[in-house]
Amino acid sequence: MKTQIIVVAAFVLWACTPGDQAEDDPYRWLEQVDGEEALAWVEAHNQQTLSSLQGHPVFDSIYEKSLNTLSSEESLSSPDVQGDFVYDLFQGERNARGVWRRVPLESYLRGETEWEVVLDLDSLDQAEGENWVFRGAQCLPPDYARCMVRLSHGGSDAAEIREFDTERKTFVEDGFLLPEARTFYEWKDANALYVATDFGAGSTTESGLPQVVKEWHRGTPLQQAKTIFETDSRGAWAFPIVERSGGRHHTLINHRASRYERIRLALNEGRLQELPLPRDARIRINPGLGTLAILLSSDWSVAGATYPEGALLSIGYEGLLGGDREFEVVFPPEERAHVLSFSNNGNLLLVNILRDAAPRLLRYRRENERWTLDPLAIPEHVNTLLSGGIGGSDQFFFTSEGFLTPPTLNLAREDGTVIRVRQQTPQFDAGQYTVSRNEANSQDGTRIPYFLVHRRDMVFDGEHPALLDGYGGYRRGIRPGEHSRRR
């Protein structure tokens, strides 16, 4: 593991449409992800960064501490609940590529760690003479026995996708196999997939994103799959989405016409119908409840009503397709609060908001055809992130982490109680420090919230050095402490 070097490299590839790029751009060669010149440029900057880091006297101690933390069995990972099991990918000193493993859900909640290896990536690499990186797996409910496993060469965007049997712990002979490409897929049923991939000339954008979505049935050649949707717009791309809950499912084709413009097409018995929604909105469907949640990115006027940017709305999915335009406002925008993310789980709508720079997790329960706020007790000054639901129940995992609180995995029970499932070992003594939330007034009167972390015995005499950190922009909110952790 010592030979694996941790390097900070500044190498950004922008996903722009061809029309956005000047033909005489002198740096266009950087877009060639596997180009020799681009790779040499990255290597040169990596070496420059590495030399600077290694020249610091504390490099070795920080390196060893970081490596031990990352390869520790106690490292906290978000549980991926598939049926009766919790899956995760563990990488350690003896598993550089990692093992995809699982443990029964009930055992996981009891704190037991008798993991069962499902797929050993290091052994697979050795057997096939490849450099595979595990990019996740999508398993088909309700038994979750068949999964499509995504493998990429060296961690590239393109991936090969293979059908895997979790009961036999082996790839399925003559099963579904999608060649290496920038592929998007969804299970239709046990014998069919929706696939958006490279089907040959004219089927992808310049950067390899798919422009054709097909329905592929088991036992037939991929090239004979039936075309469901195709776009010929320059730079536009498309992919399938299947939302499942409560034993029901809805299929959509997401047509990305531009960076912020999404055209959603409902697929029903082979026919496509565009959802009559703003193309810059974000949506989530709960098939079990028959609801659709919409987060507006701009003001929207419809059926004589105007809904402001930032509003979280809800409506019956089938009703919307049938012409209903009466929306319920679940979360109205506030001057100092906005929605970060939202998700469905069982009979719940879960919403992460940021209010006065303080993260909150809101739980709404469906009652009498309306959403009712059902609060949770969340500690202050911590980042709270949804982590995943448990089947069709109203239980869900969420993680919390603060300036002085190590990453913690929690379980919210159906009755509203919250229990701590796991917590990562603290890396320093937090007891000698304290956190306070304050506000500064700008010249135009805007109150700007900020957090101050310092020793409890610090004297406020203006003589102490301070590390300042801030962020804003790009339509993405940053929670307290998150930017510092990523820096």
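The values are calculated or read from the model by the stated rules, or taken from the named source; none is laboratory data. Only a predicted model underlies this, so the values are computations on that prediction, with no experimental measurement involved. Cβ: placed from backbone, ideal geometry, glycine included. Neighbour counts: every protein chain shown. When the accessible area is computed, the model is the full protein with side chains, heavy atoms only, and any ligands, DNA or RNA have been set aside. Shrake-Rupley method; radii C 1.70, N 1.55, O 1.52, S 1.80 Å.
List residues of segment 407-445, by number, whose backbone nitrogen lies under 14 Å from a label position 7 Å along Cα→C-beta of residue 454. Correct set: 433-439.
Spin-label pair residue 24-residue 341: with each label point 7 Å from Cα along the Cα-Cβ axis, the two points sit 4.4 nm from one another. The solvent-accessible area of residue 385, taken with every protein chain present and a 1.4 Å probe, is close to 70 Å². Among the trypsin sites (Lys or Arg not before Pro) in segment 153-227, those placed in a DSSP loop whose Cβ has at most 16 other Cβ atoms within 10 Å are 168, 169, 218. Given R0 = 60 Å, the distance between the Cβ atoms of residue 222 and residue 61 translates into a calculated FRET efficiency of 0.70.
Here the chain is treated with +1 on each Lys and Arg Cβ and -1 on each Asp and Glu Cβ, and its dipole about the Cα centre works out to around 960 debye. Look at the Cα gyration tensor of segment 16-107: its axes a ≥ b ≥ c give a/c of at least 1.5 with a/b at or below b/c, and that counts as oblate.
Lysine pair count for the chain (Cα-Cα distance under 28 Å; residues 8 or more apart in sequence or on different chains): 5.
Assign one of three labels to segment 295-369, namely rounded, prolate or oblate, based on the Cα gyration tensor with a ≥ b ≥ c the square roots of its eigenvalues; rounded applies when a/c is under 1.5, prolate when it is not and a/b is larger than b/c, and oblate otherwise. It is oblate, given that a/c is not under 1.5 and a/b is not larger than b/c. Taking all protein chains into account, the per residue accessible area for the chain stands at 55 Å² (1.4 Å probe). Taking 415, 394, 461 and ordering them by how much accessible surface each has at a 1.4 Å probe, largest first, produces 415, 461, 394. Ordering 58, 103 by accessible surface, largest first, gives 58, 103; the 1.4 Å probe counts only protein heavy atoms, with every chain in place. Of the trypsin sites (Lys or Arg not before Pro) in segment 71-118, the ones in a loop by DSSP (not H, G, I, E or B) with at most 12 other beta carbons within 10 Å are 94, 110. Each residue of segment 197-208 was assigned a 3J(HN,Hα) from its phi angle through the Karplus expression (A = 6.51, B = -1.76, C = 1.60, θ = phi - 60°), giving 7, 7, 9, x, 3, x, 9, 9, 6, 4, 8, x Hz with x at Gly and Pro. Within the accessible surface of the chain, defined with a 1.4 Å probe on protein heavy atoms only, the carbon and sulfur portion equals 48 percent. So, R0 is 60 Å and r is the distance between the beta-carbons of residue 271 and residue 54; what FRET efficiency does that work out to, to 0.05? About 0.50, to the nearest 0.05. Between the listed residues 121, 107, 258, the Cα displaced farthest toward the positive end of the dipole of the chain, a dipole computed from Cβ unit charges relative to the Cα centre, is found at 107.
Of the GluC sites (Glu not before Pro) found in segment 347-399, those in coil by DSSP whose Cβ has at most 15 other Cβ atoms within 10 Å are 369, 380. Is the shape of segment 212-276 rounded, prolate or oblate, going by the alpha carbon gyration tensor and its root eigenvalues a ≥ b ≥ c, with a/c under 1.5 for rounded and a/b larger than b/c for prolate? Judged from the Cα gyration tensor, segment 212-276 comes out oblate (a/c at least 1.5, b/c at or above a/b). Distance between the 7 Å Cα→Cβ label points at residue 461 and residue 334: 4.0 nm.
Look at the dipole of segment 366-478 built from charges on Cβ: of 395, 442, 426, the Cα furthest out on the positive end belongs to 395. For segment 84-99, 3J(HN,Hα) computed residue by residue from phi via the Karplus equation (6.51, -1.76, 1.60; θ = phi - 60°) reads 8, 10, 9, 10, 7, 10, 10, 10, x, 4, 9, 9, 4, 7, x, 10 Hz, glycine and proline entered as x. Once all protein chains are placed together, residue 343 keeps about 30 Å² accessible to a 1.4 angstrom probe.
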